[in-house]
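S.K.: Take this structure, written in structure tokens, and hold onto it; I'll ask about it next.
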Amino acid sequence: MISVQSVDLTFETNDGPVQALKDVSLDVKQGDFVSFIGPSGCGKTTLLRAIAALENPTSGKLSVNGRTPDEARRSREYGYVFQAAGLYPWRTVAGNIKLPLEIMGYLKAEKEERVKKVIELVELTGFERKFPWQLSGGMQQRASIARALAFDANILLMDEPFGALDEIVRDRLNGELLNLWKQTKKTICFVTHSIPEAVFLSTKIVVMSPRPGRITDVIESPLPENRTLEIRDSKEFIKIAQRVREGLKAGHTDEIL
Amino acid sequence: MKFFNMLRKLFSNGNIIPIVTVLAAIGVFWYSVAIPMNSERVARKFKDLTASEHVLKAWNLEKPKLPTPHQIITEMVETVFFKKITSKRSLVYHGWITLEATLAGFILGTILGIALALGIVHNRAMNLSVMPWVIASQTIPILAIAPMIIVVMNSVGITGLLPKAIISMYLSFFPVVVGMVKGLRSPDQIQIDQMKTWSATPRQLLWKLRFPSSVPYLFASLKVGIAASLVGAIVGELPSGAIAGLGARMLAGTYYGQTIMIWSALFSAAFLAASLVIIINIIQNITLRKMAIIR
């Protein structure tokens, strides 16, 4: 599905080159829910952006659905959810969700149908005609997810979509996202800096560390596919969380040495 | 009824007291300054006046150095309401001539401003090269350029509205360029990246994101632009031989020492400018409310 082979990515800045990714290799299979976790500066967002063709790797090979990331972008094979909902204030919720469909030239009837479908999916029915400022932060982010789902991309890339929300809303949206993933069977890449979030959501957890950004551990989650929030108190959950924490710590020790 | 409600609101908000206070202060200052400024002429014309008679004469001279507000208002009422609007002595006639050139120049300037802004935002070479020229264009005094434009255009047989409109355009395109460049660049990186993930064409990026984002900036520019347009139209009337328009009226006033005429033309111009800005403000509020940008 997504294959990353020894990718390096260096940014040229005024203070000289900064290596954001070093020798990163990874395989994401169809239907995976992959979380990227690590401290800021570990390149998790950069990796996601490279998969989305928003950044260009300096070297290495990246392929999405068997094509280059840019080809995949052009044929709209992924939906991207950013940190901020980024809804257009002059469009209603429905209008915002319709935006990518307008850009992609869907027919009117199909646009309406798809908007209706994804609004139901993210449980925003009744809010179609509201403007973004009339919604809470959590609802805005749900609208933003609906927008990324509106066209049938089978990959969903999410860059800390719930980072700005409080924990209660976040828990709820995590549950909803998991349901959504099961319903739509999409492949999801999810950037986060919350360990419980990563462990709760993922089938695969990619632990990263900074300077230079690299992968320190990849954990295949043994948790069952059907999860409820209570699973976070289970032994397996705590064990995986521990392993993630150790992976993060290992990255830091490297840095000190 | 509605009008009275509005008035009541105005009073109850306490808005009216500061306004009246400022107006009263200006009035007191104006009338008191008018006495010494006009007293020389009073003394020359009349002998043996008591002090109060002297003051009254100073406030009501036919050709005063400084006309008083009531003289200007009387003149304005007379030349606006009691002259046929086709008459050369009607302020409505002169105001309309100036307004025509103002609006034509404003429309041209807005189009030019938006076009330049689009170029600057979309083309790297234009981004680097155009802005310095745009700024340089505004450092040249309009009074120096206006006669040249009039003369050059006259020599190729273009007279009347167009040369004045060009001068208006010259002044009004500037705020539009500056505002629109800022407005078109106002979408944040996330919004632009988002468009990229949908593989939007540059045209879609412009129409669906950049242009709607720039609307509040556009209106701010238009308000400055239309006032500048009016100044341009008036300046454009000065070197053209003072035939018609508010600028011509001011010039004619200075030729013949008709200070009241100058001041009434000046007040008309100010009134016109304020009205135009208010109209744009109303259009702005309606548009932005419709776009749900203000609520």
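Read-outs: derived from the displayed coordinates by stated rules, not from any lab. Every value quoted in this text rests on a predicted model; they were computed, and no experiment measured them. Positions of Cβ are generated from backbone atoms using ideal geometry, with glycine treated the same way; all protein chains shown enter the neighbour counts.
S.K.: Which entries in B:Lys45/B:Lys164; A:Lys61/A:Lys130; A:Lys98/A:Lys249; A:Lys44/B:Lys208; A:Lys186/B:Lys290; A:Lys29/A:Lys117 show an alpha-carbon gap greater than 32 Å?
M.R.: B:Lys45/B:Lys164; A:Lys61/A:Lys130; A:Lys98/A:Lys249; A:Lys186/B:Lys290
S.K.: Give me a single rounded figure for A:96-106: the average over its residues of other chain Cβ atoms within 10 Å of their Cβ.
M.R.: Partner-chain Cβ atoms within 10 Å, mean over residues of A:96-106: 3.
S.K.: May I have the extent of the alpha carbons of segment A:85-152 along their three principal axes, as whole Å values ordered from largest to smallest?
M.R.: 30, 22, 17
S.K.: Same structure again: Give me the inter-chain shielding for A:66-78: mean count of other chain Cβ atoms within 10 Å, whole number please.
M.R.: 1
S.K.: Which value does Rg/Rh take for segment B:27-98 over its C-alpha atoms, Rh per Kirkwood? Can you show the working numbers first?
M.R.: Values: Rg = 15.2 Å, Rh = 13.6 Å.
Value, to two decimals: 1.12.
S.K.: Which far-off residues, 5 or more places away or on another chain, put their amide H under 5 Å from the one on A:Glu55, with H placed in the peptide plane?
M.R.: It is A:Ala50, by chain and number.
S.K.: Distance in nm between label sites at B:Phe81 and B:Asn5, each 7 Å beyond Cα in the beta-carbon direction?
M.R.: 2.7 nm
S.K.: With contacts defined as alpha carbon pairs under 8 Å and 6 or more residues apart, what's the relative contact order of segment B:45-127 in percent? Mind showing how you got there, number by number?
M.R.: On the way: 29 pairs, mean separation 8.3, N = 83.
So the answer I get is 10 percent.
S.K.: In whole Å and largest first, what semi-axes does the C-alpha gyration tensor of the protein assembly as shown yield when each eigenvalue is scaled by 5 and square-rooted?
M.R.: Working: eigenvalues 929, 139, 96 Å².
Its equivalent ellipsoid spans semi-axes of 68, 26, 22 Å.
S.K.: With an 8 Å cut-off on Cα pairs and a minimum separation of 6 or more residues, tell me the relative contact order of segment B:91-290 in percent. Intermediate values should be presented prior to the final figure.
M.R.: Working: 270 pairs, mean separation 58.7, N = 200.
Reported as a whole number, the value is 29 percent.
S.K.: Taking the Cα centre of segment A:55-132 as origin and charging only Cβ (+1 Lys, Arg; -1 Asp, Glu), how large is the dipole, in debye to the nearest 20? Could the numbers behind the result be given before it?
M.R.: Numbers: 14 positive and 11 negative charges, 28 e Å.
The dipole magnitude comes to about 140 debye.
S.K.: Only counting other Cβ atoms within 10 Å, I'd like A:Lys116, A:Lys108 sorted with the fewest neighbours first. Present the calculation step by step, with values, prior to reporting the outcome.
M.R.: Numbers: A:Lys116 14, A:Lys108 10.
Least to most surrounded, the residues fall as A:Lys108, A:Lys116.
S.K.: Got a sec? How would B:Phe81, B:Phe267 order by Cβ neighbour count within 10 Å, fewest to most? All intermediate terms of the calculation are to be shown ahead of the outcome.
M.R.: Numbers: B:Phe81 11, B:Phe267 17.
If I rank by nearby Cβ atoms, fewest first, I get B:Phe81, B:Phe267.
S.K.: In addition: Run the Debye formula on the Cα coordinates of chain B, all scatterers equal and no solvent, and tell me log10 I(q)/I(0) at q = 0.08, 0.13, 0.15 1/Å.
M.R.: Each listed q maps to, in turn, -0.51, -1.06, -1.21.
S.K.: Excluding residues on the same chain fewer than 8 positions from A:Lys116, give the aspartates and glutamates whose Cα lies under 18 Å from its Cα.
M.R.: Within the straight-line limit of under 18 Å, A:Lys116 reaches these aspartates and glutamates: A:Glu102, A:Glu128, A:Asp152, A:Glu176.
S.K.: What percent of all Cα-Cα pairs in chain A falls in each 10 Å bin, counting up from 0?
M.R.: All Cα pairs considered, the percentages come to 7, 30, 35, 22, 6, 0, 0.
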